Amino acid sequence: MKDGDLRPLFRSKIRNWQWTSIETAGSATGVPDSEFCTPIGISGWLEFKHTKAFYVHISPLQIAWLLQRDRYGGRAFIAVRRIPKAAKYEGVDELWLMKGSQAETLHYHGLESVIAQKWDGGPSKWNWDQIINTLQS
C-alpha cells in the first residue's frame with residue numbers, strides 16, 4: 001500500500017474523469033503518479049502518498065517538480081492518506097489534500113504544518129464533492 005491505494009480509489013470515486021498513470025522511472029524523475037483531465041478540460045497532476053505518522057516522504061526531485069509546476073501556474077496536488085498503526089488510533093483513516101506548492105513544507109515539517117484540506121473516517125466518509133472541487137480549483 002505504497003500510495004495508500006489512493007490511485008485506484010480516486011479512479012473509482014471520480015469515474016467520469018480521464019486518468020493517466022505516470023511511471024517515468026529514470027526518464028523524468030519527480031513527475032507525479034497521475035494526470036487527470038475533467039470533462040470540461042481542466043487538467044492537473046496528483047502525487048499520492050501514504051503515512052502512518054505525520055511525516056511524509058517526498059523526494060527532492062518530486063518537490064522540485066511540484067514547485068516548478070506551481071510557479072508556472074499549473075495544477076498539481078499531493079494527496080496523503082494517513083492511517084496510524086498504533087492501537088489508540090484504531091479506525092483513523094484520513095485524507096489530506098494540498099496544492100503542490102506545499103511540497104517543501106510537507107517534507108520538512110510534516111502534515112501538521114501544511115495548508116491542506118482534511119477528511120476523516122475513511123473513503124466512504126470523505127467528501128468526494130469537496131475533493132473534486134479542490135482538484136478543479
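Only the coordinates and a few stated rules stand behind these numbers; no lab work does. None of the values given here were measured: they were computed from a predicted structure. Because the Cβ atoms are built from the backbone with ideal geometry, glycine has one as well, and the counts that use them run over all protein chains shown.
Please determine whether any residue of region 14-22 is surrounded by 12 or more Cβ atoms within 10 Å (Cβ to Cβ), touching an Asp or Glu at 6+ places or on another chain (Cβ under 8 Å) and not in a loop (DSSP other than H, G, I, E, B). Yes, because at least one residue in region 14-22 is surrounded by 12 or more Cβ atoms within 10 Å (Cβ to Cβ), touching an Asp or Glu at 6+ places or on another chain (Cβ under 8 Å) and not in a loop (DSSP other than H, G, I, E, B). Got at least one residue in region 38-56 being touching a Lys or Arg at 6+ places or on another chain (Cβ under 9 Å), surrounded by fewer than 13 Cβ atoms within 10 Å (Cβ to Cβ) and not charged (D, E, K, R)? Yes: one or more hits. For ILE83, state whether it is β-branched (Val, Ile, Thr), surrounded by 12 or more Cβ atoms within 10 Å (Cβ to Cβ), closer than 21 Å to TRP128 by Cα and in contact with a helix residue (DSSP H, G or I) (Cβ under 7 Å, 6 or more places away or on another chain). Considered against the rule, which asks whether it is β-branched (Val, Ile, Thr), surrounded by 12 or more Cβ atoms within 10 Å (Cβ to Cβ), closer than 21 Å to TRP128 by Cα and in contact with a helix residue (DSSP H, G or I) (Cβ under 7 Å, 6 or more places away or on another chain), ILE83 comes out as no.
Whether a residue is hydrophobic (A, V, I, L, M, F, W, C) and touching a residue at least 60 places away in the same chain (Cβ under 8 Å) was assessed, and LEU66 does not pass this test.
Here ALA76 meets each of (1) in contact with a Phe, Trp or Tyr (Cβ under 8 Å, 6 or more places away or on another chain); (2) free of Cβ contacts under 8 Å to residues at least 40 places away in the same chain with one exception, condition (2). Against the criterion of being under 14 Å from the mean Cα position of the chain (by Cα), surrounded by 19 or more Cβ atoms within 10 Å (Cβ to Cβ) and in contact (Cβ under 8 Å) with a residue 12 or more places away in the chain, GLN117 does not qualify.
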